[in-house]
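Here is the structure we will look at.
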Ligand SMILES: [Fe+2]
């Protein structure tokens with residue numbers, strides 16, 4: 001599937017270009033440094049049979065349509081790569097055993113790993129880059145991990161709760177940096193959420209939920225709006 005590798009490489013190139021002006025944020029610079037070291041031609045990863053959960057097809061299309069014009073080249077590359085992508089739900093494999101991620105997240109997410117140690121298009125053991133999709137009205141509960149993390153949000157508005165701060169909304173074409181072990185949560189309103197997420201350093205660590213007493217109320221509120 002040479003075309004698959006080419007299209008995903010093109011998408012990564014456009015992600016790189018879009019982020020080049022934001023390198024004052026350390027995790028962005030680290031992501032680009034590691035991405036630059038990848039040789040797309042000589043990363044022999046077996047082709048992945050494209051996979052797309054049917055229930056998210058319309059939501060993903062809508063998310064792609066909602067990406068702002070400032071990211072036009074990235075959007076075009078994403079449309080080119082879309083038929084080749086391998087999406088899978090995070091069913092808890094990124095979490096410590098028994099983590100209470102909640103039904104809203106479990107049934108509302110999918111991940112397409114572009115670069116990483118497994119199920120990726122390009123192999124790396126010290127960089128993880130994925131497309132991360134959450135359907136509308138989803139709560140991604142407060143959690144933390146050892147890796148330093150970048151959210152390059154392609155769509156918005158979406159809410160983030162960072163540490164003890166109150167919720168704040170972010171537009172499409174925005175960045176969030178979660179330092180190692182910073183607690184963070186995401187909530188998705190009517191517009192489905194699509195973000196480029198990267199992990200640098202200690203990328204094989206697992207996520208740990210950070211319990212809050214308002215999860216059920218937040219999930220109820222999102223579900224009824
Ligand atoms: Fe995270």
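Worth pointing out:
- Spans of strands (runs of 3 or more DSSP E) in the range 150-194 with at least 2 residues farther than 19 Å from residue 26 by Cβ: 158-162, 168-170, 184-188
- Candidate set from the range 186-199 (those that are surrounded by fewer than 22 Cβ atoms within 10 Å (Cβ to Cβ) and more than 14 Å from residue 111 (Cα to Cα)); member that is farthest from the ligand (Cβ to nearest atom): 190
- Qualifying residue in the range 111-118 (condition: assigned to a loop (DSSP other than H, G, I, E, B) and within 19 Å of residue 201 (Cα to Cα)): yes
- Subset of the range 92-106 [in a loop (DSSP other than H, G, I, E, B) and either touching a strand residue (DSSP E or B) at 6+ places or on another chain (Cβ under 9 Å) or modelled with pLDDT of 95 or more (or both)]: 94, 96, 99, 100, 101, 102
- Residues considered: 180, 171. Of these, the only one that is farther than 30 Å from residue 49 by Cα, in contact (Cβ under 8 Å) with a residue 12 or more places away in the chain, surrounded by fewer than 19 Cβ atoms within 10 Å (Cβ to Cβ) and within 14 Å of the ligand (Cβ to nearest atom) is 180.
- Pairs where the first residue, in the range 193-204, is in contact (Cβ under 8 Å) with a residue 40 or more places away in the chain and within 23 Å of residue 158 (Cβ to Cβ) and the second is within 12 Å of the ligand (Cβ to nearest atom) and part of a loop (DSSP other than H, G, I, E, B), C-beta under 7 Å, 6+ apart: 199/147; 200/147
- Conditions (1) surrounded by fewer than 19 Cβ atoms within 10 Å (Cβ to Cβ); (2) within 16 Å of the ligand (Cβ to nearest atom); (3) closer than 12 Å to residue 193 by Cβ: number failed by residue 137: (2)
- Taken over the range 18-49, the criterion of being without any contact (Cβ under 8 Å) to a residue 60 or more places away in the chain and surrounded by 14 or more Cβ atoms within 10 Å (Cβ to Cβ) is satisfied by 23, 29, 32.
The values are calculated or read from the model by the stated rules, or taken from the named source; none is laboratory data. Remember, it's a predicted structure, so these values are computed and weren't measured experimentally. Here Cβ is always computed from backbone atoms with ideal geometry, including for glycine, and neighbour counts include all displayed protein chains.
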